[in-house]
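First the structure, in the form of structure tokens, and then the observations on it.
The values are calculated or read from the model by the stated rules, or taken from the named source; none is laboratory data. Predicted, not measured: the structure shown is a model, and the values here were computed from it. Note that each Cβ is placed from the backbone with ideal geometry, even for glycine, and that neighbours are counted across all protein chains shown.
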Amino acid sequence: MPEDRRAQGLALELSIARNASLTVRGRLMRHGLISAHSESLLADDWGKCLRLKAGDLDAPGTLSGGNQQKVVLGKWLATHPKVLIIDEPTRGIDVGVKAEVYRTLAELVKEGTAVLMISSELPEVLGMADRVLVMHEGRISADIASADANEERVMSAALGALPQTLGRAA
């Protein structure tokens, strides 16, 4: 899932149903055609799962940032990934939608999906991660177990000042 949902995650001129099906078009195709009905069913399923608040799934429309993020997330979840790489999953969305995204990610992990979350929001990282890899100058500067992760350790590693005893250098 890309960081910039508007520029890289959605085709804003397309319907919600069409956007939701972009990653699985081959699976929906029958005799070289994709029915609008199959797109709508897929979008409806993921919309319910992610609690999407939208009107007509088959018409282009204006969505809030949180609902845009849900459509992008649903689009990638439709692929049934074993690993989901998600970049800045809650940037620009309200607190309620953040909680829904966190709930969805936690459910995925519980079901066995590996989630690699890239985030600049430290509380988000500390609240969600089983393991924190910290980058400094383009390299991993620390590998910290969630039990040992706190703001001070993560920030020290991000600034290149983390002692080797606090995190494994990569």
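A few remarks follow.
- Residue match in the stretch 149-160 (condition: under 28 Å from T23 (Cα atoms), outside any loop (DSSP other than H, G, I, E, B), of a type outside the set (F, W, Y) and modelled with pLDDT of 90 or more): no
- Checking K98, K75 one by one, the residue that is touching a helix residue (DSSP H, G or I) at 6+ places or on another chain (Cβ under 6 Å) and assigned to a helix (DSSP H, G or I) is K75 and no other.
Yes or no, residue by residue, for (1) under 18 Å from R5 (Cα atoms); (2) over 12 Å from the mean Cα position of the chain (by Cα):
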position: H80; (1), (2): no, yes
position: E88; (1), (2): yes, no
position: G92; (1), (2): yes, yes
position: E100; (1), (2): yes, no
position: R103; (1), (2): no, no
position: E107; (1), (2): no, yes
position: K110; (1), (2): no, yes
position: S119; (1), (2): yes, no
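- Going through (1) in a helix (DSSP H, G or I); (2) within 20 Å of T62 (Cβ to Cβ) one by one, S38 falls short only on (2).
- Residue in the stretch 41-72 that is nearest to E100 (Cα to Cα), counting only those that are in contact with a Gly (Cβ under 7 Å, 6 or more places away or on another chain) and assigned to a loop (DSSP other than H, G, I, E, B): L50
- Among the residues of the stretch 88-138, just one is surrounded by fewer than 18 Cβ atoms within 10 Å (Cβ to Cβ), of a type in the set (V, I, T) and under 15 Å from G66 (Cβ atoms), namely V95.
- Residues being in contact with a Ser or Thr (Cβ under 7 Å, 6 or more places away or on another chain), over 30 Å from P123 (Cα atoms), modelled with pLDDT of 80 or more and surrounded by 15 or more Cβ atoms within 10 Å (Cβ to Cβ) are entirely absent from the stretch 65-86.
- Residues that are closer than 18 Å to L77 by Cβ and among the hydroxyl-bearing types (S, T, Y), drawn from the stretch 16-55: S21, T23, S38, S40
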